[in-house]
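Working notes, structure below.
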Amino acid sequence: MNKFRTHNCGELNKKDNNKKVFLSGWINKKRDHGNLLFIDLRDNYGITQCVIDKSSNFFKELEKIQLESVIKIDGLVVERTKETINNELKTGEIEVKIISFKILGECRELPMPIFSDQEYAEDIRLKYRFLDLRRKKIHENIILRSKVIAFIRSEMLKYGFLEFQTPILTSSSPEGARDFLVPSRLNPGKFYALPQAPQQFKQLIMVAGFDKYFQIAPCFRDEDARADRSPGEFYQLDLEMSFVEQEDVFEVVEKLMVNLFKKFSNKKIKSEKFQKISYEEAMTKYGTDKPDLRNPLIIYDLTNIFTRDDVKFDIFKKLVKSGSKVRAIITKNTKDKARSFFDTIDKWAKEEGASGLAYFTFEKDNKISAKGPIGKFFSEDSLKEIMKITEAEIGDSIFLACGKDGEVEKITSLARDKIANQLNLINENEFAFCWIVDYPMFEKDLISKKIKFSHNPFSMPQGDYNKIDFNKPLNIKAYQYDIVCNGVELSSGAIRNHIPELMYKLFSIAGYEKKHVDQKFSGMINALSYGAPPHGGIAPGIDRIVMLLANEKNIREVTMFPMNQNAQDLMMEAPSEVDLEQLKELNLSIVKKK
RNA sequence: GGGGGUGUAGCUCAGUUGGUUAGAGCGAUCGCCUGUCACGCGAUAGGUCGCGGGUUCGAGUCCCGUCACUCCCGCCA
């Protein structure tokens, strides 16, 4: 028998009546009646009420003990009387009468209460993460994360995938995010980089003939944080398969996601066969390539309406003449909404940096008219045309945004979410997955006007190699896809380009010479010329999946030891300065910033 | 790098138009209480109002600067 406990704090019930037990755990809560003291003892498994009265020699000492101290209790299980049963607790049928106790770990005054649902300032939570993690909600989130990862692992093995580790110290890659660098002691002046993803390695694993690979892979990118993006590091379910087409990857991932989300959530999956939306369609209909499909609102293009002579809304007409686009969102049956509903949204849009959202409502007396500040600028014919394009009906309202290509999408996409939230159109008890497919291979940089890879330079372009028109690179689509759930981008993947010649060609379009490609991607380009199988894969983000399952808006709520927004670990005090000796060994010196 | 929000007791917050000695709940300390499960009751301690400067007879409150945390934009093949 273990000297600390015979049972944990979540397992005793009335079947154990009269048993002598040892329990060890944290003092979650005390209720002191002066001559009678209740102690809620907590561990990972639950809470057990322990009780002692003044007849005991230990009474005075226990009365004084701090919350969150760790103690061992030697006691007797006693069935509670009917009136005192607590149905909120798994162990609520019994309590443990304390015979004696021992302090195992004393606790000093707490910087934050553990037993509370209150929210606390982030810096205190992060500095005392070990205390924060004792709290119920986050404790459960972290356990969920563990279970999710275990489940994914067993599913992937079931599907015939093999798990491999890939290096953490690797080489810097020119594409993508900023790298974290690690100086090399043995190679002065040279640096390793932490992998942004095991991209090249997983392709090499395919070239090596392992057929199906996966890994719960840490990825490191030195980019600024967001609520759903940790600075520094995050985890992906990295997977890659040989001799596959896009559909084969989809099949595996859909199966995994459906099984995973069904197992760990009670929310409904909107469609178990995930809808496929082309990048182009997503951008016009939703204004984003990560649409929330729980949101029924759709964006319509009304640019042509503003070239008509019977539309007099000059502000938009002028902008359209100079190349701007007009996009619209229809809200059903909102004719009776208060003026403030519309103005709030207009005001919000202005705060978002747009020029606001124009709006009116379709009405009909003798003829169709538009009610609202800009209603008078539209003829009946033009209104009919708008209603035809947008499938709007009398009583519906329309929000209009005008802006340059690439900018108008941004505001309409945000407006789509905002309006749906205001009207309560989002079903919170649903997961709506979709695939975004047919990404363009290249895009034009808005500032430098240069052609660059729009996503992943290793993706396979669509179409027959001999028939691709490389003179019109912006028309080339790639076998590149994203999976999106409830507006959260879970991952992107691609069928890879395994033909070196084609790779050189694509890189040259993006402005990289053959020499440069050979140098920067030597490992891979070399490998591809020794008999590479066609292959493809994807890498769903583990943290974001757990966020969705735990119903959390912030990635730190599902991360055990996250860094703050400035990429500092407040508990470990990282990053930190290092000894001069260490720097010298690495041939580094610090340039002091003025 | 830019924009927004927040910063008052150990924790969560209130603090009116600038006006006397800055408050509450939880926690802490002390006392009372034998059936609570957010136990109850009473008392005590606890404050550089983030920091610096300014306006004013007078600043937690107004102005300028600065720092920290956070959300967003940029960035994230």
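Just a few scattered comments:
- For region A:540-555, putting each phi into the Karplus relation 6.51 cos²θ - 1.76 cosθ + 1.60 with θ = phi - 60° gives couplings of x, x, 5, 4, 6, 4, 5, 4, 4, 5, 8, 6, 10, 9, 10, 5 Hz, in residue order, rounded to whole numbers and with x for Gly and Pro.
- Cross-link table A:Lys444/A:Lys515; A:Lys321/A:Lys350; A:Lys29/A:Lys72; A:Lys90/A:Lys267; A:Lys263/A:Lys290; A:Lys64/A:Lys102, entries beyond 18 Å C-alpha to C-alpha: A:Lys444/A:Lys515; A:Lys321/A:Lys350; A:Lys90/A:Lys267; A:Lys263/A:Lys290
- Descending by average beta-carbon neighbour count within 10 Å, the peptides A:473-479, A:104-110, A:396-402 line up as A:396-402, A:473-479, A:104-110, the highest first.
- Once the Cα atoms are used to define both axes, helix A:380-390 deviates from the longest principal axis of chain A by about 50 degrees.
- Dipole magnitude (debye, nearest 20) for chain A, charges at Cβ of Lys, Arg, Asp, Glu: 640 debye
- Simple rule: put +1 on each Lys or Arg Cβ and -1 on each Asp or Glu Cβ in region A:234-307, find the dipole, and look at A:Phe306, A:Ser242, A:Leu256; the Cα lying farthest toward the positive end is A:Leu256.
- Total charge dipole magnitude, region A:129-217, about the Cα centre, Cβ charges on Lys, Arg, Asp, Glu only, Debye to nearest 20: 520 debye
- When the Cα positions of A:Leu12, A:Tyr481, A:Ile590 are compared along the charge dipole of chain A, A:Leu12 comes out farthest toward the positive end, with charges on each C-beta of Lys, Arg, Asp and Glu.
- Restricting region A:558-594 to GluC sites (Glu not before Pro) that sit in a DSSP loop and have at most 11 other Cβ atoms within 10 Å of their own Cβ leaves A:Glu573, A:Glu577.
- Using Cβ point charges alone (K and R +1, D and E -1), the dipole size of region A:42-140 about the Cα centre works out to roughly 200 debye.
- What the phi angles of region A:283-297 give under the Karplus curve with 6.51, -1.76 and 1.60, with θ = phi - 60°, is a coupling list of 5, 7, 7, 10, x, 7, 9, 9, x, 8, 7, 5, 7, x, 5 Hz, glycine and proline written as x.
- The label-point distance for A:Glu577 and A:Phe4, in a model that sets each label 7 Å from Cα toward Cβ, rounds to 3.9 nm.
- Sites A:Ser340 and A:Lys410 - FRET efficiency at Förster radius 30 Å, r taken between beta-carbons, to 0.05: 0.75
- Proximity of backbone amide H atoms, modeled 1.01 Å from N, is registered between A:Gln196 and A:Phe220 at under 5 Å, excluding neighbours fewer than 5 places apart on the same chain.
- As a ratio to 2.2 N^0.38 Å, the alpha-carbon radius of gyration for region A:259-372 is 1.38.
- Within region A:251-322, the trypsin sites (Lys or Arg not before Pro) that combine a DSSP coil assignment with at most 10 other C-beta atoms in a 10 angstrom radius are A:Lys273.
- Dividing the Cα radius of gyration of chain A by 2.2 N^0.38 Å, with N the residue count, gives 1.22.
- Gained length - A:Asp445 relative to A:Asn554, 0.36 nm times residue gap less alpha-carbon distance: 36.1 nm
- Region A:33-85 shape via C-alpha gyration tensor axes, a/c threshold 1.5: oblate
- Under the combined filter of DSSP loop state and at most 13 neighbouring Cβ atoms within 10 Å, region A:495-552 retains these chymotrypsin sites (Phe, Trp or Tyr not before Pro): A:Tyr530.
- Selection from A:Ile509, A:Gly537, A:Gln519 lying farthest towards where the dipole of region A:486-541 points positive, charges on Cβ: A:Gln519
- Computed over region A:416-521, Cα set: Rg, Dmax in Å: 17.7, 56
- C-alpha center-to-center spacing [region A:278-295, region A:561-588] in angstrom: 41 Å
- Protection proxy ranking of A:10-19, A:240-249 - average other beta-carbon atoms within 10 Å, highest first: A:240-249, A:10-19
- Take each peptide in A:481-488, A:136-143, A:114-121, count the other Cβ atoms within 10 Å of every residue, and average; sorted highest first, the result is A:481-488, A:136-143, A:114-121.
- Counted over chain A, the DSSP beta bridges are approximately 90% antiparallel.
Every number here is computed from the coordinates shown, using simple stated rules; none is lab data. Note that this is a predicted model, so its numbers are computed, not measured. FYI the Cβ positions are ideal-geometry reconstructions off the backbone, even for glycines, and counts take in every protein chain you see.
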